[in-house]
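Okay, so here's the structure we're looking at.
The values are calculated or read from the model by the stated rules, or taken from the named source; none is laboratory data. Just so it is clear, the structure is predicted and the values come from calculations on it, not from any experiment. Neighbour counts run over all protein chains shown; Cβ positions are idealised from the backbone, glycine included.
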Amino acid sequence: MQSIGKITKKRGICRPMLLPVSMAILAAPSAALAGQTDPAPPSVLEEVVVTATRTPHTLKDVPVETVVISRQDIEQSNAQNAMDALKTVPGITSAVHDDVFGTYTWRAKMRGLNFNDGYGLILIDGQRVMGSGQSGGMGEYGVGLNQIPVEMIERIEVVKGPSSALYGSDAMAGVINIITKKSPDKATGRAGASYGWYKVKEKINSDGSVSKPSDDGQSRNASQAYLSFGDRPLERLGYLIHYNYESADDIRQDPIQSDRHSLMAKMDLAATDQLDFFLKGEVSEYEKTDNREEDSHRLSAGLEWRPRDDHFLSVKGYTYTWDFVHGYPGYSHGYKHGDTGFDQAELQYTWYASDQHALTMGGEVQQQTIDYIINNADASTILVKEDVKTNSLYGQDEINLFDDLTLVAGLRFDDHSNFGSEVNPKLSLMYTLTETTTFRASAGRAFKSPTIRQLYYDAPYRHGDYYVQSNRDLKPEIGIGYSAGLEQWFWGDRLMTNLGLFRNEVEDMVIRQDTGTFYDGLPLMTYQNVEEATTQGLELLAKLNHQDFSLTMAYTYTGSENKETGNDLTYVPEHSFSLAPAYEWHHGLGVSGVITHTGKQYKDSGNTSQIDGHTVVDVRIHKELGDKAQLSFAADNIFDSDKGDEGNYRSGRMLLVKMDVFF
């Protein structure tokens, strides 16, 4: 099979003759189907992305705005988890986050809208995932980005703007597709271990008093180890097995250790030149000392059939189960135990009618199963048992006009067991002004179903210093999104710049609202569809690759407004900026860094409390030890910033050493 680097295509739509090459990576569920691996990573121009349109396009020619975080980007950033790897993507806010395993990502946002509340869709290899404590999500209902260890990740595709036309609920702000490593083309192994130490900074309370961590002055630890092996024993059969272990102390007053064991195994089979199969399994076990245990299991399989060069059919299915125990009997925030699950089957057909026209149609059947119990500290019990079903049909038409203009029209119909029917259209265009200048624009409708907590609890549950009552009469939130961007390449495609504008309008936003009553001596809140909100802004991205030097610069301005109050939305900074340089010497020595600055952001809906603007600097140095090993040293937050959040415990400077061995 040809390498990705040999792909050539017209503007907009891949030529039918290239389907045997490109379709092997179309279903991100098996990036393993990509076949041969080049000795060196493909250039930015050669990268093939699939998330934006569910059809393969090179990154330069994808008609919907897409940003890719490559494996090289992840390593140069020294990210310990996926959330940290995304901090150089304009429009994604990750400042209220510590790059330590087991910490929460529940305030992470895209274009001012929160992932944890379901405004951004998280996929792993193209498949919808659910959040949990180990992934950074809040409690038993949230959505976190740290679903899998960073060592398992090959790249991350970020698609911005409303994407419900292809992906349904929860894709209001965009889609993040975390794509795992693929099967190698020959027997290849890799192993590594890292160890880091850091201190937790003191917390300044609202009354001005200081609370110190219980181990003040002592270092907490973070460690990781992995082992990966893959082979292609037959020309058409490949496999990969990857084990990962992570451990770290929490960023709270007391050092509470979190541990996770993860195992991924995948296999791909090219049965014929026209028919490919894939199978992948993932198992994860997580424990936070004396507080929570979580086990997850995911199994996926599928086939891809190309009866002719201009026809493509894929059938995929997967099942996911997450068992958890949070807290313990008598715990003030409730003892929660049970499981949730997600099952999906999908059929997709693409017809390349000509070099200028591709038609994609598909259908999905999804079922989310919720079955667990919450025992409140007041001896009341909450039984959460629901089956949520969604049946969907979608269609997309990609038309390349005059070799300069590409139009993409998409439409999706969802039949939700609780909310009935939703129809979400989207229209995108790409206009090639010159060989080096491209304009993209899109507009679409999206919807978001309320979360488990907002809908399904049949009794009030404890959250902090108040109780919250679910509301089964909530309506789904509706969003209209617009975006436009101008991409310019310079110096023989060594420098790319992109200037973009965006706006999101959200109706029927769900918020917690005080009922004015009490439950078990504490205020009782409930959920209501009362708010309208807007986010809008400007994004600037510049990427330079010149011989051994690379530089990525990103800037975002975000204006947000709660239309009911006129105040800014919480945890949405107006200004954020990042700079990520890297240099590689020929004798195996390299240095890289990431500088991020985040402006002030409000912590409460009344805009009376804020996180101050702050700058964080990370640096990494690595040295190749022959061609079989690499030693690296990293210093995160080297200037020991409190990240503008002195009212909470935050990690200070972190030092980390890592060894990787290849065989």
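What the table shows:
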| quantity | calculated |
| --- | --- |
| Pairs, first of a type in the set (Phe, Trp, Tyr) in the range 436-463, second assigned to a helix (DSSP H, G or I), C-beta under 9 Å, six or more apart | Phe447/Ser164; Tyr461/Arg453 |
| Those residues of the range 401-416 which are more than 17 Å from Tyr167 (Cα to Cα) and either of a type in the set (Gly, Ala, Ser) or touching a residue at least 12 places away in the same chain (Cβ under 8 Å) (or both), in sequence order | Leu401, Asp403, Asp404, Leu405, Thr406, Leu407 |
| Pair list, Cβ under 6 Å, 6 or more apart: the range 258-277 residue under 30 Å from Gly102 (Cβ atoms) and of a type in the set (S, T, N, Q), other residue surrounded by fewer than 22 Cβ atoms within 10 Å (Cβ to Cβ) and modelled with pLDDT of 95 or more | Ser262/Asn244 |
| Scan of the range 368-394 for residues that are over 24 Å from Glu422 (Cβ atoms) and of a type in the set (D, E, K, R), ordered by number | Asp371, Asp378, Lys385 |
| From Asp378, Asp371, Asp397, residue being outside any strand (DSSP E or B) and in contact (Cβ under 8 Å) with a residue 12 or more places away in the chain | Asp378 |
| Residue among Asp343, Asp310 that alone is modelled with pLDDT of 90 or more and within 30 Å of Val468 (Cβ to Cβ) | Asp343 |
| Residue in the range 648-662 that is in contact with a strand residue (DSSP E or B) (Cβ under 7 Å, 6 or more places away or on another chain), modelled with pLDDT under 95, assigned to a loop (DSSP other than H, G, I, E, B) and exposed (fewer than 14 other Cβ atoms within 10 Å of the Cβ) present | no |
| Single residue of the range 35-76 satisfying the filter (at pLDDT below 85 and outside any loop (DSSP other than H, G, I, E, B)) that is surrounded by the fewest Cβ atoms within 10 Å (Cβ to Cβ) | Leu45 |
| Selection count where residues are more than 24 Å from the chain's Cα centre (by Cα) and in a strand (DSSP E or B), scope the range 424-442 | 9 |
| Asp640 over 29 Å from Val661 (Cβ atoms) and more than 26 Å from the chain's Cα centre (by Cα) | yes |
| Among (1) more than 27 Å from His97 (Cα to Cα); (2) part of a strand (DSSP E or B) - the single one Ser223 does not satisfy | (1) |
| Lone qualifier among Arg462, Arg412, Arg445 - being at pLDDT below 90 and either charged (D, E, K, R) or part of a strand (DSSP E or B) (or both) | Arg462 |
| Among (1) of a type in the set (D, E, K, R); (2) part of a strand (DSSP E or B); (3) more than 30 Å from Ser296 (Cα to Cα); (4) more than 27 Å from the chain's Cα centre (by Cα) - the single one Lys385 does not satisfy | (3) |
| Test result for Ser421, among the hydroxyl-bearing types (Ser, Thr, Tyr), surrounded by 17 or more Cβ atoms within 10 Å (Cβ to Cβ) and in a strand (DSSP E or B) | no |
| The range 233-269, subset aromatic (Phe, Trp, Tyr) and within 24 Å of the chain's Cα centre (by Cα), residue surrounded by the most Cβ atoms within 10 Å (Cβ to Cβ) | Tyr243 |
| Considering residues of the range 449-475 that are surrounded by 21 or more Cβ atoms within 10 Å (Cβ to Cβ) and in contact with a Pro (Cβ under 6 Å, 6 or more places away or on another chain) only, the residue nearest to Gly341 (Cα to Cα) | Ser449 |
| Failed item in (1) crowded, with 24+ Cβ neighbours inside 10 Å; (2) touching a helix residue (DSSP H, G or I) at 6+ places or on another chain (Cβ under 7 Å); (3) on the phi < 0 side of the Ramachandran plot, with Asp125 passing the rest | (3) |
| Test: Val315 is surrounded by fewer than 21 Cβ atoms within 10 Å (Cβ to Cβ), free of Cβ contacts under 8 Å to residues at least 40 places away in the same chain, within 21 Å of Val143 (Cβ to Cβ) and among the β-branched types (Val, Ile, Thr) | no |
| Tally of residues being over 24 Å from Gly363 (Cβ atoms) and part of a strand (DSSP E or B) across the range 300-339 | 10 |
| Unique match (being without any contact (Cβ under 8 Å) to a residue 24 or more places away in the chain and in contact with a strand residue (DSSP E or B) (Cβ under 9 Å, 6 or more places away or on another chain)) among Gly516, Gly521, Gly479, Gly485 | Gly516 |
| Residue within the range 601-616 that is in contact with a strand residue (DSSP E or B) (Cβ under 6 Å, 6 or more places away or on another chain), under 23 Å from Asn221 (Cα atoms) and not charged (D, E, K, R) present | yes |
| Residue list for the range 89-121, restricted to those being within 23 Å of Ile452 (Cβ to Cβ), crowded, with 24+ Cβ neighbours inside 10 Å and under 13 Å from the mean Cα position of the chain (by Cα) | Thr105, Ala108, Lys109, Met110, Phe115, Gly118, Tyr119, Gly120, Leu121 |
| Within the range 142-183, considering residues that are outside any strand (DSSP E or B) and polar (S, T, N, Q), the one farthest from Ala225 (Cα to Cα) | Ser164 |
| Breaking point among (1) closer than 19 Å to Pro162 by Cβ; (2) at pLDDT below 90, for Tyr456 | (1) |
| Filtered residues of the range 350-377 (kept if surrounded by 16 or more Cβ atoms within 10 Å (Cβ to Cβ), acidic (Asp, Glu) and out of contact with any helix residue (DSSP H, G or I) (no Cβ under 9 Å at 6 or more places or on another chain)) | Glu364 |
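Listed here are the residues, each with its yes/no results for (1) at pLDDT 95 or above; (2) within 30 Å of Gly334 (Cα to Cα); (3) of a type outside the set (D, E, K, R); (4) in contact with a His (Cβ under 9 Å, 6 or more places away or on another chain).
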position	(1), (2), (3), (4)
Gly230	yes, no, yes, yes
Leu263	yes, no, yes, yes
Met267	yes, no, yes, no
Asp276	yes, no, no, no
Trp305	yes, no, yes, yes
